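Here is the structure we will look at, set down as structure tokens.
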Amino acid sequence: MLKLDAITVQFGGLTALKGVSLAIGAEEVVGLVGPNGAGKTTLFNVISGLARPSGGEVFFNRDNVLKAPMYKRARMGIGRTFQIPQPMHELTVRQNLLVAQRFGTGKVNLEKIEEILTFLHLEGKADRDAAQDLSLSELKALEVGKALATDPQLLLLDEVLAGLETASKRAFMKTLTELHQKYRISILIIEHDIETISSLCRRVCVLNYGQLIADGTPQEVFSNPEVIKSYTGGGA
Amino acid sequence: MKLQRLIMVLILLYGVVPFVLNGNNYVMSILVASLTIAGIALAWALLGNLGGMVSFGHAAFFGVGSYISALMTMKLGVPVPLAMLLGGIGAAVASIAVLPALRLSGPYFALAILAYAHIFKILATEFASITGGSGGLLGIPALPTLFGYNLGSKLGAYLIITTIVLVFAFIYSRIRNSYYGFALRAMHDSEDATRVVGVHSTLLKALMLFLSAFMTGIIGAFNAHYINFLEPDYAFQSGWTMLPVVAAIFGGYRTLTGPLVGAVVVYSVDQLILKSIIPSGHQIVLGALLGVMILFSPDGLMPLLGKKLGRRRAETVRTPQTETIC
């Protein structure tokens, strides 16, 4: 479904990603981990079209989407959330989802919107101001909801569990598991917590200093000496 | 309730105002001028509120619309209503030159479009063989006669500009409450938040620019046939930008009625009251009023009135309950 071929991103003299190659299959749930500044969000930006790499190719469903702008990739089926939730201001929760659905899929399906609201436990806040009346966990749920409303085939979740208290985190993890079972979409998730990522994903990729240093099952990856070294402060 | 309010406004605009003020040419001229500014203010607010762009260059669209319409009627004999429409289309086409500036935001866009307005003023002056140069165009055909009624009269012009402004307000309202309007409003705070769900933000902004330019061009065309004279210093003067901006901000540019009420209040107060008290430099008071409004109600007059009336209504509703309890 998604294939990244030797992605390199440079910001001035800084290399944020260096020759990263990665493939994600249909309905796969993959964790993306790494220390701060490893290039995880930059990789999401490249996949979603927010950042243009200085080298490499991005294939989605075998099409080279490197030159496709962000809005086109969303319409193709690449949905994403942001680390800091970005609700659409001045709109209610329901209107946020409706805009996402209308522009992401080209049509409006009110039943699907209600289904997403219920699934994400946002039905009680559907007519509230999205930017002002939601808690952090509700804002994170709205981020997922907006992406879901675009009917994605691949969902990029950027630290969607970060900042949540333990109970909310557990509930959200359960929702994510159900989401995968219900909608059968591929998920690439950035998460710092090793325990969380191990329980959500069967496959984990590790970035460090912009390079992919490990790719395998959680057991394989988290026992990899290079990964342990990257987490305990050693460089690549 | 909304329908009742709309009917009342229509009765006021098409019945009461013409009945009460017809015959008073001075007040009718001021009313026509204030509605002209209201039309530009609405077009400006559409670009600012929905497109998220602050323009200091609407005088360019006004000038282009007025010149195209005037030249179409004078040189090619095009009927005035069609020429006015072509004036609007011409202004929208002229706005294509601003498209590269859409990559800019905030003050950078404002400055780019200001420079653009100056370029058009220079073009209108230099292409003297077509535009009449700095000498301008005299004898521009007046607004036509319809069913024996002269629309070029003060009352006729009032009825036309009122209709144009109401049609624009209707279009603005429809867009504002559509999915496009939702997406456009959401773009203000984060364009990425909309692009990530499939919104082609640049296209939407460009469409708002075209529409805003079209509306302003139509108003410019109306004005050309109303005053029957044009020169570059008049048609492209900064006043066609600044007065609508002041009016829209004063009234509340994020509301539909704000720019309209703001224009009528600001221009009428200035011309009917301030000008007679301070004949020279009366605009200073307007500046001070705008400053006070921004300080005490940054959202403008209409949201302020809305809050006050809302509070009063709430108090009115509460009062009988309190009395019953007592």
### Tally, over the range A:73-95, of residues that are more than 8 Å from chain B (Cβ to nearest Cβ) and in a helix (DSSP H, G or I)
4
### Message
Can you tell me which of (1) farther than 19 Å from residue B:45 by Cα; (2) out of contact with any helix residue (DSSP H, G or I) (no Cβ under 8 Å at 6 or more places or on another chain); (3) surrounded by 13 or more Cβ atoms within 10 Å (Cβ to Cβ) is the one residue B:280 doesn't meet?
### Response
(3)
### Summary
Exactly one of A:159, A:143 is in contact (Cβ under 8 Å) with a residue 12 or more places away in the chain, buried (at least 18 other Cβ atoms within 10 Å of the Cβ), closer than 20 Å to residue A:73 by Cα and among the acidic types (Asp, Glu), and that residue is A:143
### Message
So for the range A:139-150 (the condition being at negative phi, of a type outside the set (Lys, Arg), in a loop (DSSP other than H, G, I, E, B) and more than 13 Å from the chain's Cα centre (by Cα)), does at least one residue qualify?
### Response
yes
### Task
From (1) away from chain B (no Cβ under 14 Å); (2) at pLDDT below 95, pick out the condition that doesn't hold for residue A:43.
(2)
### Query
residue A:197 fails exactly one of the following numbered conditions: (1) within 29 Å of residue A:89 (Cα to Cα); (2) in a helix (DSSP H, G or I). What is the number of that condition?
(1)
### Members of the range A:1-59 found to be among the aromatic types (Phe, Trp, Tyr) and under 15 Å from the mean Cα position of the chain (by Cα), listed by number
A:44
### Task
Kindly indicate whether residue A:189 is over 17 Å from the mean Cα position of the chain (by Cα), assigned to a strand (DSSP E or B) and either surrounded by 16 or more Cβ atoms within 10 Å (Cβ to Cβ) or not basic (Lys, Arg) (or both).
no
### Query
Can you pull out the helices (runs of 4 or more DSSP H) entirely within the range B:1-104 that have at least 2 residues that are under 21 Å from the mean Cα position of the chain (by Cα), over 21 Å from residue B:126 (Cα atoms) and of a type outside the set (S, T, N, Q)?
B:2-11, B:25-45, B:80-94
### Query
Just for helices (runs of 4 or more DSSP H) wholly inside the range B:132-219: which have at least 3 residues that are without any contact (Cβ under 8 Å) to a residue 12 or more places away in the chain and either away from chain A (no Cβ under 14 Å) or surrounded by 22 or more Cβ atoms within 10 Å (Cβ to Cβ) (or both)?
B:154-176, B:191-195
### Query
What do you reckon, is residue B:247 assigned to a helix (DSSP H, G or I), out of contact with any strand residue (DSSP E or B) (no Cβ under 9 Å at 6 or more places or on another chain) and away from chain A (no Cβ under 14 Å)?
yes
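The values are calculated or read from the model by the stated rules, or taken from the named source; none is laboratory data. Bear in mind the structure is a predicted one, so any value in this text is a computation, not a measurement. Methodologically, a virtual Cβ is constructed for each residue, glycine included, from the backbone with ideal geometry; neighbour enumeration extends over all protein chains shown.
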